Amino acid sequence: MKKIKRTFEFKTFEAIGSGPADYGKGVVRIRHENPQGKSKAAIPRNSMVKVQSKNGQVYAIVRYSNDLEDNQIAMEYDMFRELGASETKSRSAELTITKVPIWAYSNFFNKHPDPVIRYAERLNRFRAFVAFAVGVFAAVAFDLVADKVIAVL
């Protein structure tokens, strides 16, 4: 699994100049990492990631910014708080950024800062459950009725 682990200093989106373009989208920005001898970054742009600290975790989409140093990360204040940091504490923390496998993508949508996206995810889960239940019901009903229909023909 691709991961980056180090002590990051927190920055705001205003500090790096992206401001309103990033708010409410579940985005974190880091400096583009290209390990020596590798042609690709450790975590590709627009990948879904889990950012963990010792006090919490958040799911986000990673984007790159050249306005950041290697040890800096830009994120929304709400994400900053969910990681267990606060304004009174140090503005840096030991973070682990891990690329999320595809089966864990729903965690990102279920914990998204935008309530419309959270509700849409929950509605999609409900619709999937109803579709599954209708499919099971149809299969059972067909199995019960099929023998009688075949016997009549």
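The values are calculated or read from the model by the stated rules, or taken from the named source; none is laboratory data. As the structure is a prediction and not an experimental result, all values here were calculated from the model. Because the Cβ atoms are built from the backbone with ideal geometry, glycine has one as well, and the counts that use them run over all protein chains shown. Please note that ligands, DNA and RNA were not included when accessible areas were found on the heavy atoms of the full protein model with its side chains. Shrake-Rupley method; radii C 1.70, N 1.55, O 1.52, S 1.80 Å.
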> Identify, please: which residue in segment 74-91 is at pLDDT 75 or above and open to solvent by less than 70 Å² (accessible area, probe 1.4 Å) and is, among those, farthest from HIS32 (Cα to Cα)?
Replying inline: GLY84
> Hey, any hits in segment 126-140 for a residue that's more than 30 Å from ARG45 (Cβ to Cβ) and charged (D, E, K, R)?
Replying inline: yes
> In the set ILE61, ILE73, ILE102, ILE97, which member is without any contact (Cβ under 8 Å) to a residue 60 or more places away in the chain and within 28 Å of GLY17 (Cα to Cα)?
Replying inline: ILE61
> Hey, among the residues in segment 76-94 that are charged (D, E, K, R) and more than 15 Å from the chain's Cα centre (by Cα), which one's nearest to TYR23 (Cα to Cα)?
Replying inline: ARG81
>> Please count how many residues of segment 95-133 are open to solvent by less than 90 Å² (accessible area, probe 1.4 Å) and either more than 30 Å from ASP70 (Cα to Cα) or not hydroxyl-bearing (Ser, Thr, Tyr) (or both).
In response: 23
